[in-house]
Structure formats: C-alpha cells, structure tokens
Amino acid sequence: MLDKLTYAGNLASLEGLAGDRFRFVRGDVADATLVDSLVAGADAVVHYAAESHNDNSLRDPRPFLETNIVGTYTLIEAVRRHGTRFHHISTDEVYGDLALEDPARFTESTPYNPSSPYSATKAGSDLLVRAWVRSFGLEATISNCSNNYGPYQHVEKFIPRQITNVIDGVRPKLYGKGENVRDWIHANDHSSAVLTILENGAIGETYLIGADGEKNNKDVVELILKEMGQAPDAYDLVVDRAGHDLRYAIDSTKLRTELGWSPQYGDFETGLAATIQWYRDNENWWRPQKAATEAKYKVQGQ
Ligand code: NAD
Ligand code: TDX
C-alpha cells in the first residue's frame, strides 16, 4: 500500500487491519524510482491515489495535475515495464453532468465532458490509461464510480461534513438551492465492484459502478437532520460551487450483466444511519481534520 499521507490520508484508517495482510509505504505515486521498485514486487496494481475534492481543485489545481496526471503516468509506465495487471479507479464526473429532469444516465459510451479541474485531471488520467492499453498493450481495466458514502470518509466531503457539523452544533451547509443530484453508493459496494473487475474484468474495458442511489442534496441533508433529531429545515443555504455539476447518474448494467456484480447496501437510509453512528462513535478519527477543513470553507463563504 503506497500513500503520500497528504491532508486527506489518515494512518488511523489502517488500525485493526491484520498486519500480515499489508505493508504500508509512505510515498508519492509520482516518484518513479519508488514506484518502480514497488511494482517490481506486485502481482497487480489498483490505483486509488488522487487529489479528489472538487472544492480544493477550484482553490489550487496544481496538486491535481501532479498526482492525478503525472502520478497516473508514472504508474502506467512502471506497470508497462513490468507487465503488471493494472486497475485504474476513476469517477463518473469525467462525463460532465446531466439535466435534473433528464431520464438519461451515464453509460460506458457517454462522451467525456469534465467540468472542474478535478474531473478534467481524472478524465486525462483515464485517457492516458486507454492510450497505454492501445499503444503498448497495457493489461488494464478502468472503473468510473458514483459518489461514495460510508465510514472513514474525510470531513471535507458532503455527507461527513454535515454529520460532523450537526455533532458540533453547527447547521449543515447546502450549496446553491440544494437541488443538485448525486448518485450515492456505499464505499463497501464500490470496493466489491473493484475486486470483481480486478478478478474478472476484460482487459481494456471500462466499467461504470453505481447503485441506483440518486438523491438531491437537500433530501440528503433532511435525512441527516431527521436521523440526528434536528428540525428538517435546520440548514443554511450558502454560496454555490463554481461550475457546480447539476446531476450525476450511473447505468451500471454492463458490470451487473457481464460480471454478475450487485450492490449489497441497497437501502440508503439504513446505510446513512449506520454512517452517522460511525461518526458519533469515532470522533478520534475525524476530529483532527475538522477545524482546518471548516477554515478552508469559511474563506469562500461556504
Ligand atoms: P481521498 O482524497 O479521501 O483520499 C486520497 C488518498 O490518496 C489519501 O490517502 C492521500 O494521502 C492519497 N494521495 C494523494 N496524493 C497522493 C500521491 N501523490 N501519492 C500517493 N498517495 C496520494 O480520496 P477518495 O475519496 O478516497 O478517492 C479515492 C479514489 O476514488 C480517487 O481516485 C477518486 O477519484 C476515486 N473516486 C472517489 C469517489 C468518492 O465519492 N469519494 C467517487 C468515485 C471515484
Ligand atoms: O458542504 C457542502 N455542501 C454541499 O451542498 C459540500 C461539501 C458539498 N455540497 C454539494 C456539492 C455536491 O453537489 O454536495 C454534493 C456532493 O459534494 P462532494 O462531497 O464535494 O462530492 P462531489 O463534488 O459530487 O464529488 C465526489 O464524488 C465524485 C467526490 O468528492 C469525488 O472524488 C468523486 O469523483
């Protein structure tokens, strides 16, 4: 396991894992020497590392180019040299957004149309992997997943930010009018899909991962408030995100029919209630990041 431990990394997430099942190395996916030495001893590489937060990419895009583009380039050059199986983790945001009332959903053939510096760098990284498959015969697969929720998620992200705000007696913050729609999937379902693709996916193919979890942000905040014993309107509308994508929606038919995958966390409300309980029980895990995260939002009136 290679991780740079940026502001988003947290070694406490590894507590409780069996020590003989993994080795942790602190380092950068863009460090070619280190990456080469690690890939030399690996059967397969699954590439999760990224700068992942849209709001940060609007404040300072440079780390997104370095990690998401140069980091991915560094990894695919190493796996090319060593002939190693590679799986690239990406996002539905590479497809841009959909209209709110549009019945359409993203499929593997939707054209790329990213909106933010973050999604543009993820789109670029996907296209590098596709080019390395075609030009160099890289043994790679790609997955594009919808919005994750669940335990161990950084408090900058929408759902944990609002849960931890309520724990702190602060009102949740909705961008714009709260009408934007995200397609929620439990992080464990994302993981099971990635394992399925790694084991059974066809080389060169892209698979979309989603669990039919479309909800608008206002509905999600109201569910959090209800579950946490607050009034349903106890939230604030704040400055909208620049270029804010309206709606994401995934059609995961290919993954389900060709590889037989299905999500196990079908009921969002139950998964959300368990997630709220996890943040209540694990304040030691998230508390160290909370003040610095809120300070960044405050500068933008969010
Ligand atoms: P995150 O920002 O919470 O965590 C990223 C991790 O990568 C951290 O541990 C960080 O220390 C590490 N990292 C960052 N730069 C690095 C570098 N240069 N070298 C090595 N390690 C580095 O991200 P996340 O939300 O867990 O997302 C993980 C992956 O899943 C990303 O590729 C993201 O694009 C993708 N994804 C996330 C979601 C989501 O909803 N969170 C949805 C779809 C896809
Ligand atoms: O305080 C907030 N208030 C709010 O209304 C925050 C932090 C977010 N939002 C909105 C913006 C989005 O419409 O909630 C929605 C979700 O926001 P994020 O958690 O920032 O996620 P999003 O921008 O949709 O991107 C996420 O899903 C796709 C991940 O951060 C990406 O890494 C992934 O690729």
| Pair list, Cβ under 8 Å, 6 or more apart: region 221-237 residue without any contact (Cβ under 8 Å) to a residue 24 or more places away in the chain, other residue of a type in the set (A, V, I, L, M, F, W, C) | A231/L225; P232/L225
| Which listed residue, of R171, R241, is of a type in the set (K, R), touching a residue at least 12 places away in the same chain (Cβ under 8 Å) and either within 16 Å of ligand 1 (Cβ to nearest atom) or not in a loop (DSSP other than H, G, I, E, B) (or both) | R241
| task | Go through V35, V45 for me and flag whichever is modelled with pLDDT of 95 or more, more than 22 Å from S192 (Cβ to Cβ) and hydrophobic (A, V, I, L, M, F, W, C). | result | V35
| message | Let me spell it out: the conditions are (1) under 25 Å from E258 (Cα atoms); (2) among the charged types (D, E, K, R); (3) within 14 Å of the chain's Cα centre (by Cα), and K157 meets all of them except one. Which number is the exception? | response | (1)
| Given (1) surrounded by fewer than 18 Cβ atoms within 10 Å (Cβ to Cβ); (2) near ligand 2 (Cβ under 10 Å from one of its atoms), index of the condition D183 fails | (1)
| message | It is to be established whether one or more residues within region 83-95 are at pLDDT 95 or above, more than 25 Å from L198 (Cβ to Cβ) and either surrounded by fewer than 17 Cβ atoms within 10 Å (Cβ to Cβ) or not β-branched (V, I, T) (or both). | response | no
| field | Breaking point among (1) buried (at least 18 other Cβ atoms within 10 Å of the Cβ); (2) near ligand 1 (Cβ under 10 Å from one of its atoms), for Y7 | value | (1)
| Given the conditions (1) out of contact with any strand residue (DSSP E or B) (no Cβ under 6 Å at 6 or more places or on another chain); (2) closer than 23 Å to G137 by Cβ; (3) away from ligand 1 (no atom under 12 Å from the Cβ); (4) not charged (D, E, K, R), and given that V45 satisfies all but one, which numbered condition is not satisfied? | (1)
| In region 15-32, which residues are under 15 Å from K4 (Cβ atoms) and not charged (D, E, K, R)? | F24, V25, G27, V29, A30, A32
| Within the group D233, D251, D219, D240, which residue is out of contact with any strand residue (DSSP E or B) (no Cβ under 7 Å at 6 or more places or on another chain) and within 16 Å of V181 (Cα to Cα)? | D219
| Single residue of region 97-124 satisfying the filter (away from ligand 1 (no atom under 15 Å from the Cβ) and among the small types (G, A, S)) that is surrounded by the most Cβ atoms within 10 Å (Cβ to Cβ) | A104
| task | From the list D267, D240, D219, pick out the single residue that is surrounded by fewer than 20 Cβ atoms within 10 Å (Cβ to Cβ), under 21 Å from the mean Cα position of the chain (by Cα) and modelled with pLDDT under 95. | result | D267
| task | Could you identify the single residue in S57, S52 that is within 17 Å of the chain's Cα centre (by Cα) and in a helix (DSSP H, G or I)? | result | S57
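The values are calculated or read from the model by the stated rules, or taken from the named source; none is laboratory data. Remember, predicted model here, so these are calculated numbers, not experimental data. Every residue, glycine as well, gets a Cβ built from its backbone with ideal geometry; the counts of neighbours run over all protein chains shown.
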